[in-house]
Amino acid sequence: MKRGGKEVSVKHPIIQKRINKSLKLSVREGSAASVSTSLGMSYFSPFALAMSATSSQIGILHALASLLPSLVQIKASKLIEKYSRKKIVLWGLVAQILLWVPIVLAGILHYLGVPYMVWALVGLIGLFYVSSALAHPAWFSWMGSLVPEDERGRYFSRRNRAAGFFGLVSMVLGAIILDYAKELGSIAGNILGYTLLGFGILFAIAAISRIWSWTLLARQYEPRLKIRKKDYFSFWQFLKKAPETPFGRFAIFRSVFGIAVGIASPFWAVYMLRDLGFSYIWFVAITVSVTVFQLMFLPLLGKFSDRFGNARLMKVSATLIIFTPLLWLASTLIGSDIGVKIYLLFAPAIVEGFAWAGFNLATNNYVYDSVSQPKQGFGLSYMNLLVGLGAFVGAGIGSLIALMNIQFMNVLLFIFLVSAIGRLVVAYVGLGQLREVRHVKKFSSSFLIKEFHPVQGIVREVHHLNPFESKDRHHI
């Protein structure tokens, strides 16, 4: 978009035409991005395990993936003051695309016997998450300028349904490719080589999908954004006042709860692929089942949030999250291999789907309930930093436990148990500190029965994007 030109209203027909075209492109872009994520980032841990990464190394990988983006996003949000949001997003994706080359190269060098390639992969994945974090705040703001405030629920429901469908299909196809490559490797007597080749194919498709995503983003319209600095407050100012404000206490709870959750988070893939010996198909099926149940429960939880408040939703969701590691521990009581697989496909997945859908929804919405609109960008960034630090510490604790010589039980199951105990303690102490900041209705148990319609399958993820229209400048 040229920098010159006459400033006009967002209602101008030329501007409306540009916006409508961009929103259609964004649905396609979201689908392409979802394919890239599902065949790329979703398979980072299995790729590292195929390269003989230890449980501790997987924990460190997740720790960096949690910490680095949260650190970068604070700086990334300030880039919007200096540069075009579109330019920030496009350059962030260019870095992401280029990083696929050394990531695949790390697998090749590992196959050739070059040492320390797992550690190189951990560092490259950390940079990959950094590039994503650089682009996200600008994209978030950009979409907030394009989508009308009263249409965001419907629009993002449609965009997320399309992205979710292509993402789930991609993950399943990726697992089929990997299992087929592994089978060919078994026949040829070279399982490692063929498995790494399978990952190379997945990552190549992920890179191509991201390039397609980039081209679609480059065709979208971007209004200019006028930034006002009067509402800025530093991270240290936020920390100082955090214990005195509802949002500050909420952010502290999320961070400490993130430590307890992060202890176990890196090791689900390790447990399924290494300890239980699941095929990639079963690994993906169990992983995807959680997402499917999240999509089923989101419409119900969105209504719950609107009627009964996000603090209550957080309390319900966090309580259920306590029990998810225990449900995995219960799988050891099942005698048959197929019984374990079916159990994990449904029992923990249903609870996790409901719990994490509500937890993430409550987290996002509480920001908008408790922080004034001009300060929401800073508040969200600072909370994400605390949450990232918590996940980093938790993954570090899990990695240290993985190095211990535990004799009385499987070390990964012990990590899950420690995580469950930590979640219980944090929830017992912290949930009572959360307070609703808006008027909500009294909870009725009949609501859950009356409002749950899973067969409708309507995904309604709430995106309370900042209304930037008053700050946007449209030119023709």
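The values are calculated or read from the model by the stated rules, or taken from the named source; none is laboratory data. Owing to the predicted nature of the structure, the values given are computational and were not obtained by experimental measurement. Note that we place each Cβ from the backbone using ideal geometry, even for glycine, and neighbour counts take in every protein chain shown.
Of the residues examined, Arg307 is not one that is charged (D, E, K, R), in contact (Cβ under 8 Å) with a residue 12 or more places away in the chain, farther than 22 Å from Asn410 by Cβ and buried (at least 17 other Cβ atoms within 10 Å of the Cβ).
Among the residues in the stretch 15-35, are any over 23 Å from Arg210 (Cβ atoms), touching a Ser or Thr at 6+ places or on another chain (Cβ under 6 Å) and β-branched (Val, Ile, Thr)?
Looking through the stretch 15-35, none of the residues is over 23 Å from Arg210 (Cβ atoms), touching a Ser or Thr at 6+ places or on another chain (Cβ under 6 Å) and β-branched (Val, Ile, Thr).
Residues checked against (1) touching a residue at least 40 places away in the same chain (Cβ under 8 Å); (2) of a type in the set (D, E, K, R); (3) surrounded by 20 or more Cβ atoms within 10 Å (Cβ to Cβ):
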site	(1), (2), (3)
Ala395	yes, no, yes
Ser399	yes, no, yes
Gln407	no, no, no
Leu413	yes, no, no
Ser419	yes, no, yes
Val425	yes, no, no
Leu431	yes, no, no
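Just the residues that are more than 19 Å from the chain's Cα centre (by Cα) and either assigned to a loop (DSSP other than H, G, I, E, B) or under 26 Å from Ser52 (Cα atoms) (or both), please, taken from the stretch 235-269. Within the stretch 235-269, Thr245 is the sole residue that qualifies. Restricting the stretch 173-198 to residues that are surrounded by fewer than 17 Cβ atoms within 10 Å (Cβ to Cβ) and hydroxyl-bearing (Ser, Thr, Tyr), the residue that is farthest from the chain's Cα centre (by Cα) is Ser186. Just wondering, is there one or more residues in the stretch 308-326 that are at pLDDT below 85 and basic (Lys, Arg)? For the stretch 308-326, residues at pLDDT below 85 and basic (Lys, Arg): absent.
Answer with yes or no whether Ala260 is among the small types (Gly, Ala, Ser) and either more than 30 Å from Val101 (Cβ to Cβ) or buried (at least 20 other Cβ atoms within 10 Å of the Cβ) (or both). Walk me through how you get there before you give the answer.
Details: among the small types (Gly, Ala, Ser): yes; either more than 30 Å from Val101 (Cβ to Cβ) or buried (at least 20 other Cβ atoms within 10 Å of the Cβ) (or both): yes.
Yes: the conditions hold for Ala260.
Out of the residues in the stretch 71-127 meeting the condition of being outside any helix (DSSP H, G or I) and small (Gly, Ala, Ser), tell me which one is surrounded by the fewest Cβ atoms within 10 Å (Cβ to Cβ). In this case the residue turns out to be Gly113. Within the stretch 56-70, the set of residues being surrounded by 22 or more Cβ atoms within 10 Å (Cβ to Cβ) and small (Gly, Ala, Ser) comprises Gly59, Ala63, Ala65, Ser66, Ser70.
Annotation for the stretch 347-356: at least one member residue is assigned to a helix (DSSP H, G or I) and surrounded by fewer than 17 Cβ atoms within 10 Å (Cβ to Cβ).
All of Ser317, Ser331, Ser305 fail the test of being in the same structural domain as Val256 (by TED's automatic domain parsing), of a type in the set (S, T, N, Q), farther than 30 Å from Arg435 by Cβ and in a helix (DSSP H, G or I), apart from Ser331.
Is one or more of the residues making up the stretch 256-278 modelled with pLDDT under 90 and either of a type in the set (Asp, Glu) or not assigned by TED's automatic domain parsing to the domain that holds Trp328 (or both)? Taking every residue of the stretch 256-278 in turn, none turns out to be modelled with pLDDT under 90 and either of a type in the set (Asp, Glu) or not assigned by TED's automatic domain parsing to the domain that holds Trp328 (or both). For Ser170, indicate whether it is buried (at least 16 other Cβ atoms within 10 Å of the Cβ) and either without any contact (Cβ under 8 Å) to a residue 12 or more places away in the chain or not hydrophobic (A, V, I, L, M, F, W, C) (or both). So Ser170 fits the description; yes.
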